[in-house]
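Values in this text are rule-based calculations from the coordinates and carry no lab data. Computed from a predicted model, the values in this text were never measured in an experiment. Because the Cβ atoms are built from the backbone with ideal geometry, glycine has one as well, and the counts that use them run over all protein chains shown.
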């Protein structure tokens with residue numbers, strides 16, 4: 001591989017990391033509260049609200065049902081509004097984030113569901129408010145599950161970011177398509193795949209480590 | 001201290017309504033240990049969950065320390081809950097927190113300072129015998145230790161009332177008695193009123209002052225524990241008493257028994273000894289005075305509260321006149337029930 005190819009690879013890796021890190025953090029920041037809302041508004045839960053729950057659930061389900069490649073194109077006006085442009089790496093962060101939020105919300109809700117209801121009851125019996133129950137009981141108890149879920153989302157974002165080439169987002173996937181596939185450069189294709197595999201292994205290993213650290217049940 | 005007035009709780013569902021509590025009224029005096037006993041599905045859990053309104057009663061009133069809890073706003077109810085501790089069958093400890101942090105939780109909820117938390121939690125660790133477990137996580141503890149943590153946590157907010165929801169049902173007999181001893185100790189030292197529900201008569205026998213039986217959502221019988229053991233009024237109460245005194249059910253010997261005496265038959269009687277009479281040699285005295293003999297079928301002596309209670313099932317051997325005199329002799333001194341006659 002030429003020096004030029006190495007530079008391309010490095011540039012693409014940086015773009016992928018940037019997209020995944022930015023869309024990952026943003027989607028956790030927005031998706032986890034949404035997941036908490038889904039959890040607490042369910043029937044029989046601490047802030048039961050049937051209407052809110054139904055509305056939130058439909059929005060989340062709608063978000064999850066749109067294929068990413070279509071979502072990316074469909075929300076171009078929003079992307080332009082937020083980033084001032086509809087193409088490029090930064091622009092790709094908007095559809096990646098929007099696509100990840102509903103997944104984050106559902107995974108967070110699932111992690112919260114794993115917390116035994118008895119703990120919520122115990123907190124209620126101590127006079128905890130719904131906010132205190134979320135912050136002091138549910139989130140710390142669900143933390144290993146949340147970390148596990150967020151690891152899955154991060155890995156998914158790596159593969160979604162490969163599609164960002166469609167709007168000029170760059171990244172490893174884009175490099176692979178343009179050089180490996182369109183120009184029949186097998187070496188670059190192989191290098192891209194190896195870097196992607198290494199990246200995913202790294203994310204998974206970090207996630208597992210963090211989960212083990214917080215999981216006091218083992 | 002705790003007063004439940006005509007409490008009714010109906011669960012409404014598509015499959016039909018279930019009345020878990022039906023017009024239950026009871027009063028728990030300050031500083032007492034009050035036990036509610038009943039079989040599975042009798043409504044015990046619903047009852048205790050109504051006391052701190054984890055379950056909202058369909059009708060009736062819940063008065064704790066003079067406050068009608070059902071009239072309170074959500075915020076005031078949370079305040080009131082700080083004065084009530086609760087422990088559960090499955091402990092409900094936070095797995096992500098250490099023993100110390102679990103016990104500190106109620107104090108963190110009221111935003112107390114680190115110093116104040118340390119000052120409250122440290123003595124509780126001592127009281128519950130957990131000093132060396134301070135930085136352990138719940139999974140590293142045994143069931144009994146977990147329940148001790150839960151008790152310490154319930155006491156952290158210095159409550160007036162402790163609610164125990166089947167607190168010993170998941171524990172082995174030895175651990176159960178150590179937890180019960182701890183509860184009794186807490187009741188005495190801290191003057192905390194305890195309301196406990198259980199399906200184990202042994203629990204009631206060892207620490208309760210008063211007891212009530214719940215059956216199919218209704219309060220069937222209520223009494224001091226001693227009276228309850230000596231003079232159970234309902235069939236259900238008798239069943240519970242016999243389970244605690246490890247007596248075989250009468251039905252097991254019943255098919256040998258005849259209701260009426262016939263010539264040559266011998267009476268089978270159940271004798272209850274209360275308090276000092278357990279120390280008196282009444283059986284041998286009777287045997288000598290009335291010229292009869294006794295065959296012991298079952299016997300047991302129990303401590304109930306501070307009193308000793310004895311139960312004895314005997315067959316009386318002797319001629320007709322002597323047997324009659326012996327029965328009268330015994331009846332004058334003890335509680336005697338003639339269960340039937342054998343040939």
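Observations on the structure shown:
- Here, segment A:1-112 is characterised by an Rg to Rh ratio of 1.12, where Rg is the alpha-carbon radius of gyration and Rh the Kirkwood radius.
- The tail of the calculated P(r) for chain A beyond 21 Å holds 60 percent of all Cα-Cα pairs.
- Taking B:38, B:318, B:143 in turn, the Gaussian network model of chain B (Cα-Cα springs below 10 Å) assigns the largest fluctuation to B:318.
- Between the Cα long axis of helix A:89-113 and the first principal axis of chain A there is an angle of about 30°, rounded to the nearest 10.
- The shape of the protein assembly as shown can be summarised by an equivalent ellipsoid whose semi-axes, obtained from the alpha carbon gyration tensor, come to 69, 24, 22 Å from longest to shortest.
- Taking the Cα atoms of segment A:168-218, the ratio Rg/Rh between the radius of gyration and the Kirkwood radius comes to 1.28.
- Pairwise Cα inverse-distance average, inverted: Kirkwood Rh of segment B:193-343 (Å): 16.6 Å
- Taken over chain B, the ratio of Cα radius of gyration to 2.2 N^0.38 Å equals 1.20.
- Rounded to the nearest 10 degrees, the inclination of helix A:50-65 to the longest alpha-carbon principal axis of chain A is 20 degrees.
- Distance (nanometres) between label positions extended 7 Å along Cα→Cβ at residue B:67 and residue B:40: 3.6 nm
- Sorting B:88-96, A:180-188, B:122-130 by their mean Cβ neighbour count within 10 Å, with the most densely packed peptide first, gives B:88-96, B:122-130, A:180-188.
- Per-peptide packing, taken as the mean over residues of other Cβ atoms within 10 Å, places B:199-205, A:75-81 in the sequence B:199-205, A:75-81 from highest down.
- Stokes-Einstein diffusion for segment A:123-218 at 10 °C, viscosity 1.306 mPa s, with a Kirkwood radius from C-alpha pairs, works out to 99 µm²/s.
- By DSSP, the beta bridges lying fully in segment B:117-223 are antiparallel in about 50 percent of cases.
- Quarter the surface of the alpha carbon convex hull of segment B:55-109 and you get the mean projected area, 5.1 square nanometres.
- For segment A:113-218, relative contact order (Cα pairs under 8 Å, six or more residues apart, normalised by length) works out to 27 percent.
- Protection proxy ranking of B:178-186, B:24-32, A:94-102 - average other beta-carbon atoms within 10 Å, highest first: A:94-102, B:178-186, B:24-32
- The alpha carbons of segment A:54-114 give a radius of gyration and a Dmax of 13.1, 41 Å, in that order.
- Beta bridges by DSSP in the protein assembly as shown, antiparallel share as percent, to the nearest 5: 70 percent
- Dividing the radius of gyration of the alpha carbons in segment B:1-140 by their Kirkwood radius gives 1.03 for Rg/Rh.
- Cβ-to-Cβ counts within 10 Å put B:333, B:148, B:266 in ascending order as B:333, B:266, B:148, the fewest first.
- Summarised as an ellipsoid, segment A:122-174 has semi-axes of 40, 11, 5 Å, derived from the eigenvalues of the Cα gyration tensor scaled by 5 and square-rooted, with the largest first.
- What the Kirkwood sum gives for segment B:262-343 is a hydrodynamic radius of 12.9 Å, with every pair of different alpha carbons counted.
- Crossing angle, helix B:114-127 versus chain B [Cα axis fit, 0-90 degrees, rounded to tens]: 20 degrees
- In terms of surrounding Cβ atoms within a 10 Å radius of their Cβ, A:126, B:84, B:70 rank from fewest to most as B:70, B:84, A:126.
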